[in-house]
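Below is one structure, written out as structure tokens, with a few remarks after it.
The values are calculated or read from the model by the stated rules, or taken from the named source; none is laboratory data. Values in this document were obtained by computation on a predicted structure and should not be read as measured data. Cβ placement follows ideal geometry from the backbone for every residue including glycine, while neighbour counts extend to all protein chains displayed. Only protein heavy atoms, including side chains, enter the accessible area calculation; ligands, DNA and RNA are left aside. Shrake-Rupley method; radii C 1.70, N 1.55, O 1.52, S 1.80 Å.
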Amino acid sequence: MQKQYKTNFTSNDVLNTIFYKANGYSDDDLNRPIIGIANSFNEIVPGHSNLRQVADFVKKGIYRAGGTAVEFGTIACCDGVANGHIGNFYTLPSRDVIAFTIEIMAKAHKLDGIVLLGSCDKIVPGMLMGAVRANIPAIFLPGGPMMSGTAFGEKSKADMSTVAEAYGMHQVGKITRDELKNLSEICAPTCGSCQFYGTANTMCCTAEALGMVLTGGAAIPAVYAERMRFAQRSGEKIVELVQKQILPTDIITPKAIRNAIRYVMASGGSTNAVIHICALGHLLGISSEDIMKEFDKQSELIPHIARINPASNDWDMEDFYKAGGVPRVMEHLKEHLDGDALTVTAATMAENIEAYTYLYSANDEMVRTLDNPHSTLGGLAIMRGNLAPNTGVAKPAAIAEEVRQFTGTAICFDSEEESIQALEERKIKPGHVVVIRYEGPKGGPGMREMASTMKMMHGQGLAKSAALITDGRFSGTNNGCFVGHISPEAAEGGPIALVKDGDKITIDVINKELTLHVSEEELSIRRAQWKYEPKDLKGYLSLYSRLASSADKGGVLE
């Protein structure tokens with residue numbers, strides 16, 4: 001119900017009113033639901049540089065519906081900007097900081113509801129985690145993906161990751177320096193989250209599949225006018241959620257988690273969706289083991305039906321939006337969904353699917369039906385074996401069929417930088433399984449993305465003749481043969497720490513097995529000889545490395 005203005009003040013009421021009035025608010029403003037806008041706008045991250053304008057339209061919706069908007073900022077680290085240097089250590093750890101800041105702001109200032117504005121990798125799950133912690137009515141609102149550049153190489157549209165591939169091509173003399181520089185000018189022509197189906201767009205779309213985004217809103221491009229109309233509708237809807245007292249924990253339930261996992265499988269989402277869904281589950285009291293089992297189960301039931309770059313060289317996020325986006329995928333999945341799961345529309349998932357009106361014609365080749373999938377394998381695979389006793393994660397949707405079963409010899413590196421140097425020196429050859437370790441949550445620390453190594457391998461022509469495994473993460477744009485999130489990580493003495501150059505490794509994505517062909521007797525000898533010296537860390541990374549759980553448990557602070 002709408003708050004009633006008080007005539008008999010307590011001391012706290014007087015003080016609260018005074019501080020709001022010092023910002024220019026009136027008695028009438030304070031007699032309405034106070035709606036926070038958690039805005040991750042900054043001038044560093046392209047996925048967030050449009051969020052001031054988006055926030056303005058959210059405010060219009062809030063005021064139209066009878067609420068009062070109060071905006072505040074949160075941090076937002078970009079994996080792309082940070083990639084390849086020390087900054088990338090901070091991106092996953094930033095997720096928990098974002099969650100705590102939203103909890104703190106919402107609880108300390110007794111907000112009635114909150115709209116969460118963000119677009120990129122760790123910001124989206126961080127905001128959802130913050131919403132669960134605060135547990136006041138909340139809506140997540142993405143800023144939208146950017147537009148693509150012109151055709152380059154095998155791609156009909158260049159994207160943010162194309163430059164890394166092109167750098168690998170330049171290393172082996174396939175393109176000139178001038179061609180590389182020109183590509184860097186035109187591959188990212190607008191603001192927005194990256195054009196491909198990486199972690200940023202995967203998590204925005206997964207938030208919609210969870211029920212935390214108004215139907216159809218996740219994939220609207222950043223520069224489309226529809227993005228602003230959607231922002232205004234989100235502002236209107238949050239006031240309704242406050243009046244009806246629909247809370248995040250009413251929406252993000254085991255049913256919603258299952259729906260989200262089904263969606264990720266069908267759409268071929270980023271491997272990072274696994275770690276973030278595990279982190280959300282942790283807050284809800286759902287064990288990571290149960291979530292891993294659910295991923296495993298759904299990978300057997302849900303085929304890959306939506307192809308988006310990097311699973312396709314032709315279709316980007318704008319194409320996905322026009323093809324129907326998340327609603328189209330969910331419509332095809334409806335026989336598998338928990339349709340009675342509640343959403344931020346104040347209606348159920350099934351009701352949303354039934355009521356949604358598509359603005360563009362379907363692309364039945366891009367988003368197929370269940371009986372005509374792109375692949376019968378689910379988009380993600382939870383890997384197990386003597387090299388990953390507590391699981392690893394692969395992405396069959398982005399792995400070419402001919403390398404879904406790959407056996408090669410290990411070439412080992414104890415950091416991403418060492419692997420990049422080896423690529424520059426042409427030491428990585430066809431038949432190699434690149435092993436990058438000590439990059440997990442504790443060892444990295446922060447579980448960096450190995451995007452640069454994978455993209456350079458692609459550019460050098462190694463995507464289908466070599467593979468990569470790591471206890472770190474991958475960008476959702478990676479393709480080739482790869483397995484990440486290997487647990488236990490090397491810093492915890494996991495088997496990945498015991499691999500030596502020349503060891504035989506088999507990656508079997510079809511059967512979800514990761515095997516190190518070394519006897520248990522030999523591994524026992526190596527384990528007895530293994531030593532690990534933690535990095536000398538300061539500040540937040542020191543805290544994170546001591547408190548972070550393993551990747552299979554979501555990398556959450558414990």
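What to note about this one:
- Matching residues in the range 545-558 - criterion: being in contact with a strand residue (DSSP E or B) (Cβ under 7 Å, 6 or more places away or on another chain) and either of a type outside the set (A, V, I, L, M, F, W, C) or buried (at least 22 other Cβ atoms within 10 Å of the Cβ) (or both): Ala548, Ser550, Asp552, Gly555
- When the range 333-392 is limited to residues that are open to solvent by 40 Å² or more (accessible area, probe 1.4 Å) and among the polar types (S, T, N, Q), the one that is farthest from Lys553 (Cα to Cα) turns out to be Ser361.
- Counting only helices (runs of 4 or more DSSP H) that sit completely within the range 21-119, those holding 2 or more residues that are in contact (Cβ under 8 Å) with a residue 60 or more places away in the chain and either touching a Ser or Thr at 6+ places or on another chain (Cβ under 9 Å) or among the aromatic types (Phe, Trp, Tyr) (or both) correspond to 51-64, 79-82, 91-108.
This table checks each residue for (1) of a type in the set (Gly, Ala, Ser); (2) under 23 Å from Gly379 (Cβ atoms).
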{"residue": "Glu449", "(1), (2)": "no, yes"}
{"residue": "Ser475", "(1), (2)": "yes, yes"}
{"residue": "Asn478", "(1), (2)": "no, yes"}
{"residue": "Pro488", "(1), (2)": "no, no"}
{"residue": "Gly502", "(1), (2)": "yes, no"}
{"residue": "Leu516", "(1), (2)": "no, no"}
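- The range 77-103, residues that are modelled with pLDDT of 95 or more, among the hydrophobic types (A, V, I, L, M, F, W, C) and crowded, with 22+ Cβ neighbours inside 10 Å: Ile98, Ala99, Ile102
- Search result, residues across the range 484-510 that are in a loop (DSSP other than H, G, I, E, B), touching a strand residue (DSSP E or B) at 6+ places or on another chain (Cβ under 8 Å) and more than 21 Å from Ile428 (Cβ to Cβ): His485, Ser487, Pro488, Gly494, Ile510
- Hits in the range 419-438 - residues which are under 23 Å from Ala491 (Cβ atoms) and part of a loop (DSSP other than H, G, I, E, B): Arg437, Tyr438
- Restricting the range 511-522 to residues that are touching a Ser or Thr at 6+ places or on another chain (Cβ under 8 Å) and under 21 Å from Gly431 (Cβ atoms), the residue that is surrounded by the fewest Cβ atoms within 10 Å (Cβ to Cβ): His517
- Among the residues of the range 104-125, those identified as touching a Leu at 6+ places or on another chain (Cβ under 9 Å) and either among the small types (Gly, Ala, Ser) or open to solvent by 10 Å² or more (accessible area, probe 1.4 Å) (or both) are Met105, Gly113, Gly118, Ser119, Asp121.
- Failed criterion for Arg52 (all others in (1) within 13 Å of Glu236 (Cα to Cα); (2) out of contact with any helix residue (DSSP H, G or I) (no Cβ under 7 Å at 6 or more places or on another chain) hold): (1)
- Residue in the range 197-205 that is among the small types (Gly, Ala, Ser), assigned to a helix (DSSP H, G or I) and open to solvent by less than 20 Å² (accessible area, probe 1.4 Å) present: yes
- Unmet requirement for Gly173, which otherwise passes all of (1) open to solvent by 30 Å² or more (accessible area, probe 1.4 Å); (2) part of a helix (DSSP H, G or I): (2)
- Yes/no for Leu541 being more than 20 Å from Val433 (Cα to Cα), out of contact with any strand residue (DSSP E or B) (no Cβ under 7 Å at 6 or more places or on another chain), in contact (Cβ under 8 Å) with a residue 40 or more places away in the chain and among the hydrophobic types (A, V, I, L, M, F, W, C): yes
- Applying the set (1) closer than 29 Å to Arg233 by Cα; (2) touching a strand residue (DSSP E or B) at 6+ places or on another chain (Cβ under 6 Å); (3) not β-branched (Val, Ile, Thr) to Asp79 leaves exactly one unmet item: (1).
- For the range 439-447, the criterion of being open to solvent by 30 Å² or more (accessible area, probe 1.4 Å) and part of a loop (DSSP other than H, G, I, E, B) is met by at least one residue.
Residues checked against (1) acidic (Asp, Glu); (2) more than 16 Å from the chain's Cα centre (by Cα):
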site	(1), (2)
Phe41	no, yes
Asp56	yes, yes
Asn88	no, no
Glu103	yes, yes
Cys120	no, no
